[in-house]
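Asks: Handing you this structure, nothing more for now.
The values are calculated or read from the model by the stated rules, or taken from the named source; none is laboratory data. Not measured: the values here are computed from a predicted model. Don't worry about glycine lacking a Cβ; one is built from the backbone with ideal geometry, like all the others, and counts go over all protein chains shown.
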Amino acid sequence: MKGLDANVVIRYLVQDDLEQSAIATTFIERECTETQPGFICHIVLCEVIWVLKTCYKVPKEKLVEIIQALIETKQLSIQEPQVVWEALQVYQESTADFSDVLLMRVNQSKGCEYTVSFDAKAVKLLGMVKISKSFSKLD
């Protein structure tokens, strides 16, 4: 297996830098196979989505399609694909950021009772628990 960094995945998807895109494409298409896939971890997946959303203004519907395609590509291995798939389903129906949804879903899959956050949007949209100086789960 070969680990892929976000910038390699982005160059492959976007094809905006002639030299780097060509190198990324050649590497992924020649070196990443079903038996020796390219590995995309959660961090890389979140970075890719963030860059595509903020820098390239890719709409959410297209981001969902991209994540689905990455999960389904046999030459790629996504870290905990079932967890990513479940996070994708929540992300599709929510206005929460993909990284927050994935974080919450990963934590749930690892047996966390809840996830604490200062992020009011994540607390409201995802049911995370707001942490404060006088933290109590009952707040």
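Asks: Among the residues of segment 71-101, how many are within 19 Å of THR54 (Cβ to Cβ), assigned to a helix (DSSP H, G or I) and of a type in the set (Val, Ile, Thr)?
Replies: Here the count works out to 1.
Asks: A further question follows. Does segment 56-70 include one or more residues that are in a strand (DSSP E or B), under 11 Å from the mean Cα position of the chain (by Cα), modelled with pLDDT of 95 or more and among the β-branched types (Val, Ile, Thr)?
Replies: No - not one qualifying residue is present in segment 56-70.
Asks: Continuing with this model, one more query. For segment 102-123, check the following and say yes or no: at least one residue is among the hydroxyl-bearing types (Ser, Thr, Tyr), more than 25 Å from VAL44 (Cβ to Cβ), without any contact (Cβ under 8 Å) to a residue 12 or more places away in the chain and outside any helix (DSSP H, G or I).
Replies: So the first thing to find is which residues in segment 102-123 are among the hydroxyl-bearing types (Ser, Thr, Tyr), and the list is 109, 114-115, 117.
After this cut, where a residue has to be more than 25 Å from VAL44 (Cβ to Cβ) as well, the list is 114.
Okay, now just the ones that are also without any contact (Cβ under 8 Å) to a residue 12 or more places away in the chain, so none.
No.
Asks: Taking the condition over 30 Å from SER132 (Cβ atoms) and crowded, with 17+ Cβ neighbours inside 10 Å, does ILE49 pass?
Replies: no
Each row is one residue, and each column tells you yes or no for (1) assigned by TED's automatic domain parsing to the domain that holds GLU29; (2) of a type in the set (Phe, Trp, Tyr); (3) crowded, with 17+ Cβ neighbours inside 10 Å.
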{"position": "LYS74", "(1), (2), (3)": "yes, no, no"}
{"position": "SER94", "(1), (2), (3)": "no, no, no"}
{"position": "ASP97", "(1), (2), (3)": "no, no, yes"}
{"position": "VAL101", "(1), (2), (3)": "no, no, yes"}
{"position": "SER109", "(1), (2), (3)": "no, no, no"}
{"position": "PHE118", "(1), (2), (3)": "no, yes, no"}
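Asks: Something else about it: For PHE39, work out the one condition from (1) touching a residue at least 12 places away in the same chain (Cβ under 8 Å); (2) buried (at least 17 other Cβ atoms within 10 Å of the Cβ) it doesn't fulfil.
Replies: (2)
Asks: Next up: So CYS32 clears everything in (1) within 19 Å of the chain's Cα centre (by Cα); (2) surrounded by 15 or more Cβ atoms within 10 Å (Cβ to Cβ); (3) not polar (S, T, N, Q) except one condition, right? Which one?
Replies: (1)
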